Every structure is written in structure tokens, then in C-alpha cells.
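Comments concern the structure below.
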Amino acid sequence: MKPVTYHRLAENELIESALHYESRRKFLGDNFLDLVDETVTRIQSNPAWGRPGKLNTRTWKVRRFPFRIVYLEHATRIWIVAVAHLSRKPGYWSVRLE
């Protein structure tokens, strides 16, 4: 499996979202992180299975949470571009690819 790296803003989105969920209910943030990890593992196992998106990206929905992992598959790694909330403006992360 290819290693995974995160865009710094995607990493911030992940942390901020987990903290938000944790503030709403104990262990909900941990549950969110576990399901994101599960999604990333699925991406690593089958990167081509993600739904094709803008600018050659692919996306994969996080189970039980309104988030999609937006990623690019490179020759040597998988790069997470965004941990995108589904109600956020679509494609807001595209400037990260410039």
C-alpha cells in the first residue's frame, strides 16, 4: 500500500472536525477519527475505487459522518487534499492543487 500524506489544511480540517464532534459528545470525536482512518485504509487498498472528482481527484465518503475524503493518487503516495464537509461549498479545496 502507498503511504498517505495530508495537505496541511486537510490535516487542520480533520483536527478541527474531531474537536468539534468531541465537544458535542464524549468519544464522538474519537469515533470520527476512527472512521476517517477506516476510509483512508480503504483508499490505500483500492485508490481507483473512489468517485472521480474535479482536477483528477477522487473522493470517498466517510461512513456515518457528512464528510468526503478528497485525494490524489501519485506514483509513490496518496495525497489527501481535503477532509471536506458535505455542506461546504463544493470544490473550495481546488486552490490547494495549484
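The values are calculated or read from the model by the stated rules, or taken from the named source; none is laboratory data. No experiment lies behind these values; they were computed from the predicted model shown. When we count neighbours, we look across all protein chains shown, and the Cβ atoms used for this are built from the backbone with ideal geometry, even at glycine. Heavy atoms of the whole protein, side chains included, go into the accessibility calculation; ligands, DNA and RNA do not. Shrake-Rupley method; radii C 1.70, N 1.55, O 1.52, S 1.80 Å.
Report those strands (runs of 3 or more DSSP E) wholly inside region 19-98 carrying at least 2 residues which are open to solvent by 20 Å² or more (accessible area, probe 1.4 Å), farther than 20 Å from residue 8 by Cβ and touching a helix residue (DSSP H, G or I) at 6+ places or on another chain (Cβ under 8 Å). Walk me through how you get there before you give the answer.
Numbers: elements: 58-61, 67-73, 78-85.
Because the criterion is at least 2 residues that are open to solvent by 20 Å² or more (accessible area, probe 1.4 Å), farther than 20 Å from residue 8 by Cβ and touching a helix residue (DSSP H, G or I) at 6+ places or on another chain (Cβ under 8 Å), the strands (runs of 3 or more DSSP E) in region 19-98 that meet it are 58-61.
Please identify the pairs in which a residue from region 2-27 that is under 24 Å from residue 79 (Cβ atoms) has its Cβ atom under 8 Å from the Cβ atom of a residue that is β-branched (Val, Ile, Thr) and in a helix (DSSP H, G or I), counting only partners at least 6 apart or on another chain.
As it stands, the answer is 4/40; 4/43; 14/36, since those pairs meet every condition given.
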